[in-house]
Amino acid sequence: MSAWRPCDDGIHIAVRVTPRGGREALGPGTPEHFAARISAPPVDGAANAALLALVAREFGVAKRSVTLTGGATARLKRLHITGDPATLGVIATERMG
């Protein structure tokens, strides 16, 4: 499976999260997922909220356009980003290096 795939109203991405990872960043991980470093701890959904904000910023969309669709308590998470699939796909490809 690819780190991202298009859908009718945006794209789906897979992200492996490292909470308390210092500087926040989203970059290439493996061909199956992106890698995200989040400074927030994995307590009370803080890391998930920080991840959604990071992905929204990196993809240039509003926070409400990014939703967690799987892996709420796991390191590997599935996200849906609403927007133009072609534009988001270009950004995803660039982020994968």
Problem - Some residue of the stretch 64-84 being of a type outside the set (A, V, I, L, M, F, W, C) and touching an Asp or Glu at 6+ places or on another chain (Cβ under 6 Å) - result: yes
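So is ALA62 surrounded by 15 or more Cβ atoms within 10 Å (Cβ to Cβ) and at pLDDT 95 or above or not? Let's see the steps before the verdict.
On the way: surrounded by 15 or more Cβ atoms within 10 Å (Cβ to Cβ): no; at pLDDT 95 or above: yes.
So ALA62 fails the test.
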Practice task
Collect the residues in the stretch 39-92 that are touching a residue at least 12 places away in the same chain (Cβ under 8 Å), of a type in the set (Val, Ile, Thr) and not in a loop (DSSP other than H, G, I, E, B), keeping them in residue-number order.
Solution key: VAL55, VAL66, THR67, THR69, ILE81, THR82, ILE91
Exercise for the section: Please determine, by comparing only the residues of the stretch 21-47 that are surrounded by 13 or more Cβ atoms within 10 Å (Cβ to Cβ) and either on the phi > 0 side of the Ramachandran plot or acidic (Asp, Glu) (or both), which one is farthest from the chain's Cα centre (by Cα). Expected result: GLY45
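Quick one: in the stretch 73-97, of everything that is among the β-branched types (Val, Ile, Thr) and in contact with a Phe, Trp or Tyr (Cβ under 6 Å, 6 or more places away or on another chain), which residue is surrounded by the fewest Cβ atoms within 10 Å (Cβ to Cβ)?
Of the residues in the stretch 73-97, the ones among the β-branched types (Val, Ile, Thr) are 73, 81-82, 87, 90-91, 93.
Of the ones still in play, those that are also in contact with a Phe, Trp or Tyr (Cβ under 6 Å, 6 or more places away or on another chain) are 81, 91.
Details: ILE81: 24, ILE91: 17.
Applying the filter and picking the extreme gives ILE91.
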Exercise for the section: Answer yes or no: is there a residue in the stretch 4-11 that is within 16 Å of MET96 (Cβ to Cβ), modelled with pLDDT under 95 and surrounded by fewer than 20 Cβ atoms within 10 Å (Cβ to Cβ). Expected result: no
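The values are calculated or read from the model by the stated rules, or taken from the named source; none is laboratory data. Everything numeric in this text was worked out from a predicted model, so none of it was measured. FYI the Cβ positions are ideal-geometry reconstructions off the backbone, even for glycines, and counts take in every protein chain you see.
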